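Chemist: The following block contains the structure, expressed as structure tokens.
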2 protein chains.
Amino acid sequence: MSRTIPASTPLGDDFHVYDTTLRDGAQREGISYSVADKLAVARLLDSLGVGFIEGGWPGALPKDTEFFHRAAAGELDLQHAALVAFGSTRRAGTAAVDDPQVRALLDSGAPVVTLVAKADRRHIERALRTDPAENCAMVADTVRHLVGAGRRVFVDAEHFFDGYAHDPDTALRVLDAAVTAGADVAVLCDTNGGQLPLQLARTVEEVIARTGFRIGIHCQDDTSCAVANSVAAVQAGASHVQCTANGYGERAGNADLFAVLGNLATKLDMPVLPEGGLRETTRVAHALAEIANIGPDAHQAYVGQSAFAHKAGLHASAIKVDPELYNHIDPERVGNGMRVLVTEMAGRASLELKGAELGVDLAGSPDAITAAVRRVKELEARGWSFEAADASLELLLRREKAEADGTGQLPVPFELESYRVVLDHRSDGEVVAEATVKVHVTGQRVIATAEGNGPVNALDAALREALVPHLPWLGDVELADYKVRILADAAGTDAVTRVLVESRDGAEEWTTVGVHGNIVEASWLALCDALAYKAAARSAVGSSRAR
Amino acid sequence: MSRTIPASTPLGDDFHVYDTTLRDGAQREGISYSVADKLAVARLLDSLGVGFIEGGWPGALPKDTEFFHRAAAGELDLQHAALVAFGSTRRAGTAAVDDPQVRALLDSGAPVVTLVAKADRRHIERALRTDPAENCAMVADTVRHLVGAGRRVFVDAEHFFDGYAHDPDTALRVLDAAVTAGADVAVLCDTNGGQLPLQLARTVEEVIARTGFRIGIHCQDDTSCAVANSVAAVQAGASHVQCTANGYGERAGNADLFAVLGNLATKLDMPVLPEGGLRETTRVAHALAEIANIGPDAHQAYVGQSAFAHKAGLHASAIKVDPELYNHIDPERVGNGMRVLVTEMAGRASLELKGAELGVDLAGSPDAITAAVRRVKELEARGWSFEAADASLELLLRREKAEADGTGQLPVPFELESYRVVLDHRSDGEVVAEATVKVHVTGQRVIATAEGNGPVNALDAALREALVPHLPWLGDVELADYKVRILADAAGTDAVTRVLVESRDGAEEWTTVGVHGNIVEASWLALCDALAYKAAARSAVGSSRAR
């Protein structure tokens, strides 16, 4: 279970890791990839070392047609993966050679084509409005035409499992038509996602025994079993598995590529990625979430920020003894890390452990720990959360330690006198934001005003305007990310607002938190913490590691 | 597969649906239940009809002690479920009767107690620092003591699967000690969540064959297989399944109660809930997310808002023919519904279908459909999203239809001249927000000023101040929820902000969307749409159904 993939393993063609993030994944609600996004996604997947990247449906979606065009024009230089064009078989009663949609697949220039074919008699008759014989002819003609043109062809047998349960012969005849005409892999698709692992594995075994074909698997997550179904199918003999990054896909989504890879590599010791690929999965998963503009799922298996995070006081203290007793794998195998969470549930042990992680040694300061635990509980009761704001927590711990050790105050970069933000929606329709801050810095009173495209942006600009001339090091600090969470939803705009601000300079990134009924004040508190953290980091050794 | 649960089924004690949302679920990062929250969660779970509700760890967590106290004092009147107190066995080298932690379990007044016991030799020796014999004695003494005091006892065998693989005899001896001393169920826990369904099912079968004990299952989601593992264990003979609502739990979480119930009830036809319970799962899942203050996962199996949502143009048109061909179950069985999504991927078909769903008949207005598709694409390219804002979409469709049919403009409740919002952080530390709006309503120019605890709240208050005297019906409209999403994270506060506003009056709730670089203007746009929607709804028949 704990062997890493041997460097010598030739991945070859024996097992296919097939990604369809750019086609089936793009059907997820809220995802809308630009062509540039699609190119970036393909490059990230290739860097991981997947075998096949399904780029889209040329001819059906203009964006996808352009993606393949630009890929062929040299914008996509794949090191590991083969690019795949997805499309459907010729229409009923036409010839493949005359079908513009089939021509678009050839024009895409993709070396591999995956055709979708209906394998459920009810879909053939009621949705496609034709008969099983013509359906098989559509598959055979189209496969033969594409293979004849030098393409490698896979066939997705849509609704296979429902169809096989309803009318096995019709379903198997579709696979036979595809493979006999030259398709390399017959992919069994649980299109409606209704399968469970034990019976799905039995069906896959049965189909392999009856046909001897090379079988692939494509699972949807409607029973929350897509990952389990994919792995069970592989254990049952499937040698081609179709997944999407982070499980993106229609309805409940598809099988998550990263969980499937993690399971195959770490539980079944399969060499699914080139040497080093597995360690990139966490980084790639998060980068792909960024491109999809979907917040990464902190609780995602293997790659989630919390996948190896421990909260309960009981665990936290035991983890000191033996981390491997509490993690199902070494997080580093997938490029993830173990985290200790500070919450009202956490005891002194986890806060001390967290302090050590942040470079604040509390071992000798029991009073500081007591005070910090009390302070964290107080703030969390008012809506603060330090789980994602290590810099604010580090400041809190340093302040309590300085207090308890009598080493005095932490450096405070400036004192606020007041600020004012004015937002105007003028009668000419223009919207302007302007902020004025009055601060005391290096012994002087400074007033500065700046405009911004929003209240927080204006306030941030005014604050920099006021401080940078007096604190030049502040010039390198910039806002990297800004997140807003409304707490206690029921209360509408009366709710408390929690703001997370991620800052960076050349050397590191750090996250601070602010909570207030007023979103601008909450943002202000987080901005102030961000600067205070930087000031403290500059004055303290060993605390300026990247977070 | 499609039979519904027979009304006559006596649930009895043959199969246990055991919920641990309030104990193991509360370990999820970000969850912090108040005692009132815990009582509300227990009532919702009971209304669903689960058999057992694990309320927490009395004696270890003050909140949990208070929860059991208030439950016993009559604040929790359970109709179906038995309340369970969770705790650990007596400490090594003590007597159960003298262990304050064990006494707290009895003092909780819960009729059922679940004890956690270590079943992995490495944990016994390295974390518990004792030997297998004393570990078994701790289990046996504590079970005997609690059973002697009239409690029903279950035992959670922690890290069972890892322990059984490492040293089966030690693991089985713990089960034996528990059952011999009077425990009803030996629960096999995949505490580190490293299992896959096929081997987990084999282990469960083997343990049942070797012991003949009543076996339960508790799965964590670290391989993304918790639901599949739980169902596979039940198929292998386990008759007690421990889950958490929405899969809340530490790290990757636990097995999601709603997916497990959906699978057992609809795929295996097991009578897991009282008649009618299954139809409540979607409602209860969302209510529990509200209490946990975690946004519901739209892509959650069975109960997610998108679990039966169809996006692809291809599907959307075929769905008109035969919905049941595209859903793995009838969504109404779990109290969910099918949705058609409007996105740039959607064709005319889905927009027309969506219009029908919203009560806007576009069948006869091809020009309106063309214009609406173009408008939706434009807006979505600028960051708008109508997937969660049906009211804004309905307005858009009505406007395009009115335009195309030449039936003129929709009623506009008012015209904005200008607004100004001033936020002051005063030198005395007080933070105040004040808004002034200048509007034209029912032919008059009105100026109104109001304060609020934040910019949007102040603006909302000023707008009502100005309009309600002239549009009395507006008095019933209130803000129910307010959500903020920062798009294009990388740009920090320069990013575009998308605001969703949920409004309600006595009769219905509706959601509108606004997008702008300035969060206040984005909120303003969503507020205006909310009022325009209400005005249009009042003037149009058949459009005021609840969303």
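The values are calculated or read from the model by the stated rules, or taken from the named source; none is laboratory data. Just so it is clear, the model here is predicted, and its values are computed rather than measured. Here Cβ is always computed from backbone atoms with ideal geometry, including for glycine, and neighbour counts include all displayed protein chains. In case anyone asks, the SASA skips ligands and DNA or RNA and just uses the protein heavy atoms, side chains included. Shrake-Rupley method; radii C 1.70, N 1.55, O 1.52, S 1.80 Å.
Chemist: Name the pairs: first residue in segment B:34-60 and in contact (Cβ under 8 Å) with a residue 24 or more places away in the chain, second residue open to solvent by less than 10 Å² (accessible area, probe 1.4 Å) and among the basic types (Lys, Arg), Cβ to Cβ under 8 Å, at least 6 apart or on different chains?
Modeler: Filtered contacts from segment B:34-60: B:Gly55/B:Lys38; B:Gly56/B:Lys38.
Chemist: Would you check if A:Ala349 is among the hydrophobic types (A, V, I, L, M, F, W, C), closer than 30 Å to A:Thr449 by Cα and surrounded by 15 or more Cβ atoms within 10 Å (Cβ to Cβ)?
Modeler: no
Chemist: Name the one entry in A:Ala26, A:Ala40 that is under 24 Å from the mean Cα position of the chain (by Cα) and open to solvent by less than 20 Å² (accessible area, probe 1.4 Å).
Modeler: A:Ala26
Chemist: For segment A:354-394, give me each residue that is among the small types (Gly, Ala, Ser), buried (at least 19 other Cβ atoms within 10 Å of the Cβ) and part of a helix (DSSP H, G or I).
Modeler: A:Gly355, A:Ala368, A:Ala372, A:Ala391, A:Ser392
Chemist: Give segment A:200-217 a look and list any residue that's open to solvent by 10 Å² or more (accessible area, probe 1.4 Å) and closer than 21 Å to A:Phe52 by Cα, or say none.
Modeler: Passing the criteria: A:Phe213, A:Arg214.
Chemist: With the condition being under 22 Å from A:Glu280 (Cα atoms), I'd like the helices (runs of 4 or more DSSP H) fully within segment A:12-114 carrying at least 3 qualifying residues.
Modeler: Of the helices (runs of 4 or more DSSP H) lying wholly inside segment A:12-114, those with at least 3 residues that are under 22 Å from A:Glu280 (Cα atoms) span A:35-48.
Chemist: If you don't mind, another one. A:Ala433 versus (1) open to solvent by less than 30 Å² (accessible area, probe 1.4 Å); (2) over 30 Å from B:His440 (Cβ atoms): which is the lone unmet condition?
Modeler: Only one criterion in (1) open to solvent by less than 30 Å² (accessible area, probe 1.4 Å); (2) over 30 Å from B:His440 (Cβ atoms) is unmet by A:Ala433, namely (2).
Chemist: Condition first: surrounded by 21 or more Cβ atoms within 10 Å (Cβ to Cβ), in contact (Cβ under 8 Å) with a residue 24 or more places away in the chain, under 37 Å from the mean Cα position of the chain (by Cα) and not in a loop (DSSP other than H, G, I, E, B). Can you find one or more residues in segment B:407-420 that meet it?
Modeler: Checked against the condition, which is being surrounded by 21 or more Cβ atoms within 10 Å (Cβ to Cβ), in contact (Cβ under 8 Å) with a residue 24 or more places away in the chain, under 37 Å from the mean Cα position of the chain (by Cα) and not in a loop (DSSP other than H, G, I, E, B), segment B:407-420 yields no hits at all.
Chemist: Restricting to segment A:181-198, count the residues that are under 23 Å from A:Gly249 (Cα atoms) and within 14 Å of chain B (Cβ to nearest Cβ).
Modeler: 9
Chemist: Looking at segment A:515-539 only, could you name the residues that are small (Gly, Ala, Ser), touching a Gly at 6+ places or on another chain (Cβ under 7 Å) and surrounded by fewer than 21 Cβ atoms within 10 Å (Cβ to Cβ)?
Modeler: A:Gly517 - this is the single residue of segment A:515-539 that is small (Gly, Ala, Ser), touching a Gly at 6+ places or on another chain (Cβ under 7 Å) and surrounded by fewer than 21 Cβ atoms within 10 Å (Cβ to Cβ).
Chemist: Now for a separate question. Just need a number here: residues in segment A:294-311 that are more than 9 Å from every other protein chain (Cβ to nearest Cβ), touching a residue at least 60 places away in the same chain (Cβ under 8 Å) and farther than 23 Å from A:Ala36 by Cβ.
Modeler: 0
Chemist: Of the conditions (1) open to solvent by 20 Å² or more (accessible area, probe 1.4 Å); (2) of a type outside the set (D, E, K, R); (3) at the interface with chain B (Cβ under 10 Å from one of its Cβ atoms); (4) within 23 Å of A:Ser350 (Cβ to Cβ), A:Pro323 clears all except one; give me its number.
Modeler: (3)
Chemist: For residues in segment A:462-489 being part of a helix (DSSP H, G or I) and open to solvent by 30 Å² or more (accessible area, probe 1.4 Å), which is nearest to the other protein chains (Cβ to nearest Cβ)?
Modeler: Here the residue is A:Arg464.
Chemist: Tally the residues that are part of a helix (DSSP H, G or I) and either more than 14 Å from every other protein chain (Cβ to nearest Cβ) or open to solvent by 10 Å² or more (accessible area, probe 1.4 Å) (or both), restricting the search to segment B:117-144.
Modeler: 18
Chemist: Just the residues that are modelled with pLDDT of 75 or more, within 12 Å of chain A (Cβ to nearest Cβ) and over 20 Å from B:Ser392 (Cβ atoms), please, taken from segment B:331-357.
Modeler: Residues satisfying the conditions are B:Pro331, B:Val334, B:Asn336, B:Met338.
Chemist: Hey, among the residues in segment A:439-461 that are in a loop (DSSP other than H, G, I, E, B) and open to solvent by 20 Å² or more (accessible area, probe 1.4 Å), which one's nearest to A:Val513 (Cα to Cα)?
Modeler: Among those residues, the one meeting the criterion is A:Asn453.
Chemist: Kindly indicate whether any position in segment A:164-185 is under 32 Å from the mean Cα position of the chain (by Cα), in the same structural domain as A:Asp24 (by TED's automatic domain parsing), under 20 Å from A:Cys243 (Cβ atoms) and without any contact (Cβ under 8 Å) to a residue 40 or more places away in the chain.
Modeler: Within segment A:164-185 (the criterion being under 32 Å from the mean Cα position of the chain (by Cα), in the same structural domain as A:Asp24 (by TED's automatic domain parsing), under 20 Å from A:Cys243 (Cβ atoms) and without any contact (Cβ under 8 Å) to a residue 40 or more places away in the chain), the answer is yes, since at least one residue qualifies.
Chemist: Follow-up. Out of B:Ala298, B:Ala309, report the one residue that is under 25 Å from the mean Cα position of the chain (by Cα), of a type in the set (Gly, Ala, Ser), within 21 Å of A:Cys189 (Cβ to Cβ) and modelled with pLDDT of 85 or more.
Modeler: One residue alone meets the criteria, B:Ala309.
Chemist: Kindly indicate the residue of segment B:360-401 that is among the hydroxyl-bearing types (Ser, Thr, Tyr) and under 25 Å from B:Gln305 (Cα atoms) and also modelled with the highest pLDDT among those meeting that condition.
Modeler: By that ranking, first place goes to B:Ser392.
Chemist: Could you list all residues from segment B:255-293 that are open to solvent by less than 10 Å² (accessible area, probe 1.4 Å), more than 12 Å from chain A (Cβ to nearest Cβ), in a helix (DSSP H, G or I) and of a type in the set (A, V, I, L, M)?
Modeler: B:Val284, B:Ala285, B:Leu288
Chemist: In a helix (DSSP H, G or I), surrounded by 24 or more Cβ atoms within 10 Å (Cβ to Cβ) and away from chain A (no Cβ under 14 Å): is that true of B:Ala178 in this structure?
Modeler: Yes.
Chemist: Counting only residues that are touching a helix residue (DSSP H, G or I) at 6+ places or on another chain (Cβ under 7 Å) and either part of a helix (DSSP H, G or I) or not charged (D, E, K, R) (or both), how many does segment A:157-175 have?
Modeler: Summing the residues that are touching a helix residue (DSSP H, G or I) at 6+ places or on another chain (Cβ under 7 Å) and either part of a helix (DSSP H, G or I) or not charged (D, E, K, R) (or both) in segment A:157-175 gives 13.
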